[in-house]
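Take a look at the structure below.
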Amino acid sequence: APELVSIFSRIEGVDKVILRNQVHTVQHDFWVPGFSAGWVSGHTFEDFPGKPYLTPIPESVDIWKTMIKSDKIKVGIRWAGNPKFEHQQFRKFPENFITNLAKYDELQVYSLQRDHNLIKLPDNVIDLQYMLLSWEDTMAAIANLDIVITSCTSIAHLAAAMGKETWV
């Protein structure tokens, strides 16, 4: 996706990121599906590095630090992904999960839900949907959280690739 080019371009060792429809414009010797890259690189599950490899833009992290600030444990939550995804109905949190999570005084909950399956949030949950305009924004927001709880796999992959504590 075009909106991910800048993010993947910052991965250490990446020379260039091209979109699928641009592959004919770049000379290359071979092509490897993303899920096979670890194996082709000589890694196994046991020795895969497991260190963070996606990094947000530092200036964006600083900007988001002014919006995500609390002395409490900062919890980002996304309770549903794209409804067009197969079996999405099995990957949604019930509303009472969010309501119950918001009852804990030691937590400050931030909603990362942006587009689909929006609900009326408890008053003490901070809704970030109108500020999350891009994946870059989402990365910078996540960088300022202590933990992410999500059923949306794109958020889970992003947060974990940043080295953020992530519960799926």
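Brief remarks follow.
- Restricting region 133-168 to residues that are within 10 Å of the chain's Cα centre (by Cα) and part of a loop (DSSP other than H, G, I, E, B), the residue that is surrounded by the most Cβ atoms within 10 Å (Cβ to Cβ): Cys152
- Residues that are surrounded by 14 or more Cβ atoms within 10 Å (Cβ to Cβ), more than 23 Å from Ala1 (Cα to Cα) and of a type in the set (S, T, N, Q) are absent from region 75-95 altogether.
- Test: residue in region 19-42 that is touching a residue at least 24 places away in the same chain (Cβ under 8 Å) and out of contact with any strand residue (DSSP E or B) (no Cβ under 7 Å at 6 or more places or on another chain): no
- Glu59 at pLDDT below 90 and open to solvent by 70 Å² or more (accessible area, probe 1.4 Å): no
- Any chance Ala102 is at pLDDT below 95 and closer than 30 Å to Phe8 by Cβ: no
- Any hit, region 43-54, residues being among the basic types (Lys, Arg), closer than 29 Å to Leu128 by Cα and outside any helix (DSSP H, G or I): yes
- Filtered residue count, region 20-42, keeping only those that are out of contact with any helix residue (DSSP H, G or I) (no Cβ under 6 Å at 6 or more places or on another chain), open to solvent by less than 70 Å² (accessible area, probe 1.4 Å) and in a loop (DSSP other than H, G, I, E, B): 3
- Conditions (1) in a loop (DSSP other than H, G, I, E, B); (2) open to solvent by 20 Å² or more (accessible area, probe 1.4 Å); (3) of a type outside the set (A, V, I, L, M): number failed by Gln113: (2)
- Region 8-19 - residue that is within 16 Å of the chain's Cα centre (by Cα) and part of a loop (DSSP other than H, G, I, E, B) and, of those, farthest from Asp137 (Cα to Cα): Ile11
- On inspection, Val5 does not qualify as part of a helix (DSSP H, G or I), free of Cβ contacts under 8 Å to residues at least 24 places away in the same chain and either open to solvent by 100 Å² or more (accessible area, probe 1.4 Å) or farther than 24 Å from Lys164 by Cα (or both).
The values are calculated or read from the model by the stated rules, or taken from the named source; none is laboratory data. Everything numeric in this text was worked out from a predicted model, so none of it was measured. Note that each Cβ is placed from the backbone with ideal geometry, even for glycine, and that neighbours are counted across all protein chains shown. Side chains included, ligands, DNA and RNA excluded: accessible areas come from the protein's heavy atoms. Shrake-Rupley method; radii C 1.70, N 1.55, O 1.52, S 1.80 Å.
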